[in-house]
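Bear in mind these aren't lab numbers, they're just calculated from the coordinates by the rules spelled out. Since the model is a prediction, treat every value here as computed from it, not as a measurement. Cβ atoms come from the backbone with ideal geometry, glycine included; neighbour counts cover every protein chain shown.
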Amino acid sequence: MNAVLLQLTASAVLVAFMILVAGLARIARPVAPLDEASARALLAGEFPDLPPNYLWIAGDGAGVIARAGEDALVAYRLGDSWVARSMPWPLALSAPVKRGKVLLKLRDPAAPMARLTVSGVNPWPPENPREALAA
Amino acid sequence: MTLDPIKPAFNPVDWAVPVFVITIVAEIILARFRKARAVYEVRDTATSLAMGLGSQIAGLLTAGVIGVTILWVYEHRLFTLPMNAWWAWVAVFFLEDLTYYWFHRLSHERRFWWASHVNHHTSQHYNLATALRQTWTGGIAGTWLLWLPMIFFGFPPAMVAIQKGISLVYQYWIHTEAIRRFPRWFEAVFNTPSHHRVHHARNPRYLDANYAGILIIWDRMFGSYIPELDEEPCRYGVVHNLGDFNIFRVAFHEWMAIGKDLAGSRSIREVIGYLFGPPGWSPDGSRDTSATLKAKWLAREAAVSPSAEAATAPLQAAE
């Protein structure tokens with residue numbers, strides 16, 4: 001038992017060391033804030049059969065909500081990568097905003113919630129919902 | 001020399017631990033100085049390594065049951081194969097690798113076992129640390145049962161355990177983008193970084209392919225081989241990537257999803273489908289499986305490109 005504990009402790013120390021080295025190296029992918037073109041490219045990769053006709057980009061450029069028919073296409077940054085899900089558009093439109101973030105329940109144990117930054121220039125729901133609703 | 005047929009004389013994985021640490025650090029440093037291709041995001045790396053550490057602990061919890069079962073089967077074996085015969089080691093090498101192929105294929109193509117294996121594929125990066133993102137629920141999922149026929153036939157448990165360890169260590173070093181391709185003869189016979197990048201890719205073209213452990217010949221034989229194409233770089237991860245770096249979500253999310261689906265099931269057919277259908281199966285076909293994703297991709301290729309036939313040829317040749 002002692003040998004097992006010793007082995008686990010040694011492994012934990014080595015894990016911490018490797019995480020430290022990875023952190024110091026700073027070799028993650030560079031990720032620029034989304035603009036319309038990059039958001040469309042991201043969504044085209046994630047939802048190739050659902051071309052969006054309305055786009056809302058988070059205030060910090062770290063997420064996007066798009067409308068494709070009756071679906072809302074949601075993508076947000078995680079580390080240097082992206083996570084994407086779809087949900088019914090009406091649910092996205094009625095998602096609450098708390099502490100400057102729109103909270104989207106994705107109904108998936110693998111990614112239960114998306115939190116996208118809302119800014120004054122780009123509020124959620126969109127200030128001109130007719131555009132979003134009619135899209 | 002007499003070797004204990006029950007207790008392995010050594011564990012290849014234990015011996016390889018220093019190599020794991022040295023090579024991960026080396027890969028990071030080489031990438032830092034642009035001498036090798038590798039991407040490490042610190043939280044992703046921490047998740048991978050924590051999963052590796054957690055799998056050691058999880059393994060301890062089921063080791064007793066697995067050990068007792070293996071011993072019982074070995075006591076009722078058909079033959080007694082010698083541990084000191086070279087041909088027995090050759091046989092165990094091929095049979096263990098073949099068993100690994102089918103274990104791995106099952107782990108991708110049936111949801112119950114995918115739930116245990118999926119965590120290994122949840123990183124959106126492909127580096128040596130990703131190799132250590134190991135399962136916590138393999139013992140419970142029971143995939144180890146697939147190795148019992150070898151024991152029942154008469155291969156000593158220690159021999160099988162050593163070969164399994166060698167296979168695991170072999171598969172470690174192929175989790176890298178730093179090595180592009182080996183000479184053609186090597187790529188034809190062995191599992192390589194190039195083949196395994198395809199296995200970790202979420203591009204529809206590459207889904208459910210290259211299940212090999214050490215030898216890629218099994219994929220070529222059983223029709224699951226897909227080559228890596230320079231014109232289509234691998235995008236790593238799972239079809240629906242995880243929403244955060246929580247290691248408990250990494251370990252259990254698919255089990256939770258199965259539980260949610262079972263709770264909403266309305267018939268035995270649905271229960272069986274949710275448990276043992278391909279990942280993504282749903283009663284009304286509203287979700288995507290690998291097969292439907294590939295079909296949609298092929299349809300898009302055919303629609304946009306006059307040379308779609310050429311583009312999809314490697315995939316079709318592999319099927």
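Residue-level check: of (1) at the interface with chain A (Cβ under 9 Å from one of its Cβ atoms); (2) surrounded by fewer than 16 Cβ atoms within 10 Å (Cβ to Cβ), B:Arg37 misses just (1).
Quick check: anything in the stretch B:223-239 touching a residue at least 60 places away in the same chain (Cβ under 8 Å), away from chain A (no Cβ under 14 Å), surrounded by fewer than 22 Cβ atoms within 10 Å (Cβ to Cβ) and on the phi > 0 side of the Ramachandran plot? Scanning the stretch B:223-239, I find at least one residue that is touching a residue at least 60 places away in the same chain (Cβ under 8 Å), away from chain A (no Cβ under 14 Å), surrounded by fewer than 22 Cβ atoms within 10 Å (Cβ to Cβ) and on the phi > 0 side of the Ramachandran plot, so the answer is yes. Of the residues making up the stretch A:71-93, not a single one is in a loop (DSSP other than H, G, I, E, B) and over 20 Å from B:Asn241 (Cα atoms). Each residue in the stretch B:147-196 was checked for being under 26 Å from B:Val39 (Cβ atoms) and in a helix (DSSP H, G or I), and 12 pass.
B:Met83 meets the conditions (1) away from chain A (no Cβ under 14 Å); (2) within 22 Å of B:Leu168 (Cα to Cα); (3) in a helix (DSSP H, G or I) in every case but one. The failed one is (3).
Can you tell me which residues in the stretch A:94-119 are part of a strand (DSSP E or B), crowded, with 21+ Cβ neighbours inside 10 Å and more than 11 Å from the chain's Cα centre (by Cα)? A:Val102 - this is the single residue of the stretch A:94-119 that is part of a strand (DSSP E or B), crowded, with 21+ Cβ neighbours inside 10 Å and more than 11 Å from the chain's Cα centre (by Cα). Quick check: anything in the stretch A:69-85 away from chain B (no Cβ under 14 Å) and touching a residue at least 12 places away in the same chain (Cβ under 8 Å)? Yes, the stretch A:69-85 contains a residue that is away from chain B (no Cβ under 14 Å) and touching a residue at least 12 places away in the same chain (Cβ under 8 Å). For the stretch B:102-133, the set of residues classified as within 12 Å of another protein chain (Cβ to nearest Cβ), under 10 Å from the mean Cα position of the chain (by Cα) and either in a loop (DSSP other than H, G, I, E, B) or small (Gly, Ala, Ser) (or both) is empty. Looking only at the stretch A:1-46, filter to residues that are of a type in the set (D, E, K, R) and more than 7 Å from chain B (Cβ to nearest Cβ); which one of those is farthest from B:Ala36 (Cα to Cα)? Here the residue is A:Glu36. Could you grab me the full set of residues in the stretch B:134-146 that are part of a helix (DSSP H, G or I), under 29 Å from B:Arg43 (Cβ atoms) and not small (Gly, Ala, Ser)? Scanning the stretch B:134-146 gives B:Ile140, B:Thr143. Restricting to the stretch B:199-231, count the residues that are under 19 Å from B:Ala129 (Cα atoms) and either over 12 Å from the mean Cα position of the chain (by Cα) or part of a strand (DSSP E or B) (or both). So the answer is 2. A residue that is in contact with a helix residue (DSSP H, G or I) (Cβ under 8 Å, 6 or more places away or on another chain) and within 10 Å of another protein chain (Cβ to nearest Cβ) occurs somewhere in the stretch B:59-69.
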